[in-house]
Structures are given as C-alpha cells and as structure tokens.
Amino acid sequence: MSIAEASLEGTPLIAPSTIDHPLYDSVVEACRTVYDPEIPVNIFDLGLVYTIRIDDAGVVAIVMTLTAPGCPVAGEMPGWVADAVNAVPGVRQVDVQMTFEPQWGMEMMSDEARLELGFM
C-alpha cells in the first residue's frame, strides 16, 4: 500500500489530484520546471507535489511538501511554484499550500528521479 492509499479512519493521507482537467498536464509540466536547489531533480518527479486540484474557473490549488521541514528554501519554494503555474495559459489563480503530513520519503520519487539520482 502506498502512502497515498494509506489512511487514518478511511481518509487518504494525500488527496487525489484533478487529473482529468484539461489544464492538468500543463500544470504538471510547469511544476517540472521548479527544482529543489539541493537535489538536481524537479519537484514533481521528486514527489514533493502531493495534490493538484483545478476547478472549472482555472483556479489551481497545490498541496506540496519539502524533502525536510528545515529546507533553506521553505519560504521561497511556494512562490516559485505559484509563478511557474501562473504562467500556464488558462490558469486564473494559484494557491500553494505546504504540508509535512505525510512526511516525504524517497519512495515518493518517480522512476525517472530514482534513475537520475542513481537509485535504480
């Protein structure tokens, strides 16, 4: 069972994304332009983006985390993500929320990120 599927009292620890929205792929690509400055992999493939919700008005809500709560760019990273996603045509507003529940772990990385970092 993955962390996204694990639950307390039946509620997923990571809310599902709006993957069927027409803007979803473009928002993901925008997230892939933002890199953790300490790791040479984008934040999406690192698994730092937990949820992307997009409503019919083009309002994007992103829930994300950091590799560690003491990350030196904790105050700046949400702005970087918001700036990248705001540039997507059709996006009207972006709200980036930080969370540390569940805590990020290396198992959240994509296969591409594991390969790039030499874990595969």
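Rule-based calculations on the coordinates, nothing more; no lab input. Note that the coordinates shown come from a computational prediction; the quantities given were computed from them, not determined experimentally. Backbone-built Cβ (ideal geometry, glycine too); neighbour counts: all protein chains shown.
Order of 63-72, 89-98 by packing, highest average Cβ count within 10 Å first? Show your work: numbers first, answer last.
Details: 63-72: 16.5, 89-98: 14.3.
The most tightly packed comes first, giving 63-72, 89-98.
Which value in deg cm²/dmol, rounded to the nearest 500, describes the helix-derived mean residue ellipticity at 222 nm for the chain, given -39,500 (n - 2.57) per DSSP H run of n ≥ 4 and division by the residue count? Write out the running numbers ahead of the final one.
Working: 4 runs with 28 residues, N = 120.
Roughly -6000 deg cm²/dmol at 222 nm, from the helical runs in the chain.
Determine the relative contact order of the range 45-85: mean sequence separation of Cα pairs under 8 Å and six or more apart, normalised by residue count, in whole percent.
Values: 26 pairs, mean separation 12.0, N = 41.
That works out to 29 percent.
Size of the dipole of the chain about the Cα centre, Lys and Arg at +1 and Asp and Glu at -1 on the beta carbon, nothing else charged, in debye to 20? Please list the in-between numbers first.
On the way: 4 positive and 18 negative charges, 33 e Å.
Dipole size: approximately 160 debye.
For Cα Rg over 2.2 N^0.38 Å, the listed values are (i) 1.51; (ii) 1.26; (iii) 1.03; which was obtained by calculation from the structure presented?
(iii)
Quote the relative contact order of the chain in percent (integer), defining contacts as alpha-carbon pairs under 8 Å separated by 6+ residues. Before the final figure, lay out the partial values.
On the way: 170 pairs, mean separation 30.5, N = 120.
Dividing the mean separation by the residue count of the chain yields 25 percent.
For the range 11-32 and the range 106-120, what is the separation of their Cα centres, given in Å?
When both Cα centres are located, 20 Å separates them.
What residues from the range 54-72 fall in the zone where the backbone N is under 16 Å from a label point 7 Å along the Cα-to-C-beta line of residue 38?
Hits in the range 54-72 for residue 38 at 16 Å: 65-72.
Just the number, please: percent antiparallel of the DSSP beta bridges in the chain, rounded to the nearest 5.
So the antiparallel bridges amount to about 55 percent of the total.
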